[in-house]
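Have a look at the structure below before the remarks.
The values are calculated or read from the model by the stated rules, or taken from the named source; none is laboratory data. No experiment lies behind these values; they were computed from the predicted model shown. Please note: Cβ atoms are built from the backbone with ideal geometry, for glycine as well, and neighbour counts cover all protein chains shown. Ligands, DNA and RNA are stripped out before the accessible areas are found, and what is left, the full protein with its side chains, is counted by its heavy atoms. Shrake-Rupley method; radii C 1.70, N 1.55, O 1.52, S 1.80 Å.
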Amino acid sequence: MRSGSVAIVPLFLAIMLLFWFIAFMGGANDTLHSINNVKNLQYLQTKLLQSAMRYRYSLEKEAQESGKTLSESDLTKKVNIYINDIMELNGIQKKGNE
Amino acid sequence: MKKNLLLVLLLSITIYANDTTTVTKFYDQKDIGEDKYGNTLYERDVKIDTQNYSIENFWKKFSFSGDIQESMDFDSISKRGTIRISAESTSICTIYNDLDTQGCSGQKPFFINSEAIPSNYNDTVSLIFKNTPVVSDYNASDASSFYPLDIKRNEKYYKTQTSTSHISYPTIFGKIFGNFFGDSSFFSKFFNRTVETSTDSNVTDIRQRYIANIISGVDQEHLMTKGSGLSTTELNNPVSLIDYKEVSTTASAGSCNMMFLTFPADNIFCTTMDSMPFISLFISQSPATASTIVTDTIVSDTETAIISFAGAFVGEDVEDYNTKVQTNFDNNDDVNKDASLLTKIICAISGCDKQSVVKLYDNHYNFPDDSGITMTFAVVDDNGEEVADFETFRLLGVHSVSTQAEGCLLIKDGFFSSSTISVNPQTVQKCSEGGFIFMGYSYCDIKADVTDKSSWNDEYKNMKPREWLTWCNSHDDGKYHSVGWSDFKVQENAQETKGSLVLDLKRIKLDVMDKSVMLRYKLISTQ
């Protein structure tokens with residue numbers, strides 16, 4: 001029982017540290033968040049490069065199989081919508097949308 | 001005025017900019033040739049540019065001061081990268097994209113000689129399937145054959161049923177054969193045949209691996225590369241010649257009732273049906289006339305796997321096969337025909353030096369133009385020792401071929417002497433193995449040809465093969481008949497039936513937009 005009450009001290013400390021961290025992040029400098037956000041976005045973009053290419057060829061092939069031809073601008077438009085949707089799912093929104 | 005214009009321009013830019021967030025730009029596609037596995041490689045740059053976007057600030061909710069921004073705005077952040085696209089020949093992964101692609105590739109377990117490659121893209125060639133269990137059978141200058149290979153395969157890509165959450169390879173094989181034949185147990189029926197190998201290997205395993213390699217391509221762990229050695233002594237190590245054959249059977253008399261392809265039961269066609277490996281699978285009863293049938297299971301496996309897979313790919317089944325198949329008959333009386341496909345087939349099946357009257361039955365099935373499966377074959381070097389290159393073809397059609405060779409066995413009226421009159425009297429052949437001399441008379445094995453025709457009457461000396469057979473038919477009465485100095489009696493009107501497989505192929509270069517290719521993408525660099 002006694003040893004149990006001693007063990008609760010580091011736990012309290014840990015919880016306090018967590019609160020402090022959240023408060024620190026909340027009040028942290030905008031630049032810190034900005035760098036973090038840019039890095040995250042670039043990571044997401046890198047991941048999406050391959051998806052964009054894959055989606056483009058699948059669209060082109062699908063169209064070809066059904067006997068249609070998609071123009072370059074049609075294709076780009078469709079890929080843009082597709083990539084945009086993923087961006088929005090990841091919290092990347094248009095300015096003024098929030 | 002200028003100020004107003006500028007304001008309008010600025011406003012319209014702002015409005016336009018607000019409409020776009022992420023723009024994807026594709027650059028020109030570059031053809032960078034082939035990789036070491038025979039796939040065609042392309043590279044293309046793509047750029048994702050995210051403009052005028054904002055990100056909600058998650059931490060703002062926890063700020064004590066409350067002066068932090070709710071969200072952050074950015075003007076433009078972009079990333080450009082180069083994607084390498086590899087186009088590979090058709091495999092089941094092209095049809096079922098849920099399958100683990102590590103078990104697929106464009107490489108098929110076949111090889112050809114460089115002589116078999118047509119000189120230009122889009123040229124066609126007909127290749128005969130030929131099995132060479134030993135390398136001494138292999139003809140390095142054979143320009144009209146393709147050969148099977150045994151290539152190692154990870155068990156999970158053909159045997160193991162993996163967990164239910166993931167589609168497994170055996171399930172898909174069942175589907176392919178099930179869709180084509182309307183019978184999902186069809187694949188397992190295959191392995192009931194009696195098959196032997198010259199080694200002690202598990203023949204069912206070799207066959208399953210071979211069929212799986214045809215349908216899904218060699219798996220990624222065991223891909224052949226330019227320079228891969230072909231083992232000729234040890235099976236499956238990792239690339240070797242394949243070795244199995246069916247124990248040959250003599251079909252007994254019966255009728256020619258088939259599930260499809262209806263012919264009169266007494267038709268000569270029926271007697272040859274059983275030697276067509278693919279067709280024979282549908283014969284419910286044995287042929288009408290007893291005949292010696294030489295069937296090779298490996299031909300049957302190759303044919304069934306290719307037709308079922310290519311059929312599944314274009315959405316055709318056994319009904320379509322039945323409707324579309326064209327049966328041709330060719331009676332090759334003139335054995336000295338030029339190097340036509342027929343002659344090549346006969347050479348491949350019966351050997352070029354064995355001259356006989358051959359009837360040929362050809363069941364020809366064409367796949368729709370330019371949408372059939374594509375296959376990448378290994379090209380071996382002149383010694384047949386290693387893979388020198390790869391070549392890709394589109395499958396245009398499959399010929400299920402059966403040949404019926406007729407010969408006539410005559411017995412000379414003499415002591416211990418018997419000979420076959422085969423069909424080309426100009427060809428003088430020595431006694432085959434097993435011949436011996438006894439008391440001054442030469443005894444030839446019954447398969448040996450008549451060696452000396454100098455004492456024959458002229459009318460017999462120069463008889464053509466077909467004329468000999470006609471003579472045999474009209475003199476098949478058990479009595480001796482004079483052909484000059486000697487008398488002969490017809491002992492047997494021999495027939496031998498064999499099956500083979502011929503593929504009509506078009507040499508192609510794999511293109512990303514081709515329906516029959518599977519594409520793999522890889523990000524190779526970013527800027």
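Assorted remarks:
- Sorting B:171, B:94 by accessible area puts them as B:171, B:94; the probe is 1.4 Å, largest comes first, and only protein heavy atoms count.
- Heavy atoms of residue B:37 accessible to a 1.4 Å probe, total area in Å² rounded to 10: 70
- By a 1.4 Å probe calculation restricted to protein chains, residue B:226 has an accessible surface near 90 Å², given to the nearest 10.
- Rounded to the nearest 100, the interface formed by chains A and B buries 4200 square angstrom of accessible surface, both chains summed, with a 1.4 Å probe.
- With all protein chains modelled, accessible area of residue B:129 [1.4 Å, Å²]: 10
- For the segment B:41-54, counting C-beta atoms of other chains within 10 Å of every residue's C-beta and taking the mean gives 5.
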